Structure formats: C-alpha cells, structure tokens
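Step one of this worksheet: look at the structure below.
Where a number appears in this text, it was derived from the coordinates with a stated rule and is not lab data. Just so it is clear, the structure is predicted and the values come from calculations on it, not from any experiment. When we count neighbours, we look across all protein chains shown, and the Cβ atoms used for this are built from the backbone with ideal geometry, even at glycine.
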Amino acid sequence: MAYRVLLSERERFAAIELSGAVTFEDLAAAMRALYGHPGWDPSFYVFWDALAITQLDIPPTDLPSVKALMDETAVARAGGRSAVRVKDDVEAVLAVLFAQFGPPTGRPMGTFRSLAEALAFLDRTALPEDTVVIAAS
C-alpha cells in the first residue's frame, strides 16, 4: 500500500500514512482525496506519517506537476497545521521543499522523528480513535 488517508471530522483531524514505494501520483491522489473530501475543512490538523516509505520516486520531470498540485490545493491547505513524521534529515528537507512549491498558505508545518513530538505540534497526545479511511492505495 502506498497511502492511506484517514479523517476524523469530529476531532477536526486527518492522517495520511505513506508506505512502501511512493510516487508523485500517490501523493497527489492522497492529497486530492483529503482536500476534496466533503468533510474536510482547511482548519483541520494533518499528521503525515512517512516512516514506512521505502522508496520515494519523484523525478525532476514531476516537478511542474508538484507545483501545479500545490497551487491546486492551496486554498484547501490554508489554516490548520501539518506535522510530518520522517526517518531522517533528508526526508525532513524533502517535506519542507515539497510544501514550498505552492503559494504561501499560512499553514505551519513541522517535521519530526517521533510520534509524540508530531502530535504535540498538533496539540494532541494521541491519534483520534474515530478516524475513517476515506482513501487508500
């Protein structure tokens, strides 16, 4: 599975879990599933879990598509907060660079190595128990 998107409307929280070999198309599909969901609101907090990625395949030829995706989703990403759990500094830099491809949204984003740190950034101590899977691949 490349991604799984979970949403808790009651908790105003979403999680995107990435695993295995992940392509730009996987990231785009996960983002469109979340930001296009009728229950989504830009003020929701999002936890991106990238720990289980074994290969990230976004070649330079995909960069115009990355820019277009970030432009497309800018309004849906305005507000709230995002935390990305990563394995190492390289993944942390990639997450920050990816977010910089679009226009400024005012959404604070942090990269973290531990779940506890990521959740603290999102003002939480645990993941919501009532999340629903809204997309997966």
Report task. Please identify the pairs in which a residue from region 74-92 that is under 22 Å from R32 (Cβ atoms) has its Cβ atom under 6 Å from the Cβ atom of a residue that is hydroxyl-bearing (S, T, Y) and surrounded by fewer than 18 Cβ atoms within 10 Å (Cβ to Cβ), counting only partners at least 6 apart or on another chain. Result -> G79/S43; G80/S43
Report summary line: Those residues of region 82-106 which are among the hydrophobic types (A, V, I, L, M, F, W, C), surrounded by 12 or more Cβ atoms within 10 Å (Cβ to Cβ) and in a helix (DSSP H, G or I) amount to A92, V93, L94, A95, V96, F98, A99
Report summary line: Counted residues in region 8-59 being under 13 Å from the mean Cα position of the chain (by Cα) and part of a helix (DSSP H, G or I) come to 11
Report task. Within region 24-54, count every residue that is buried (at least 16 other Cβ atoms within 10 Å of the Cβ) and polar (S, T, N, Q). Result -> 0
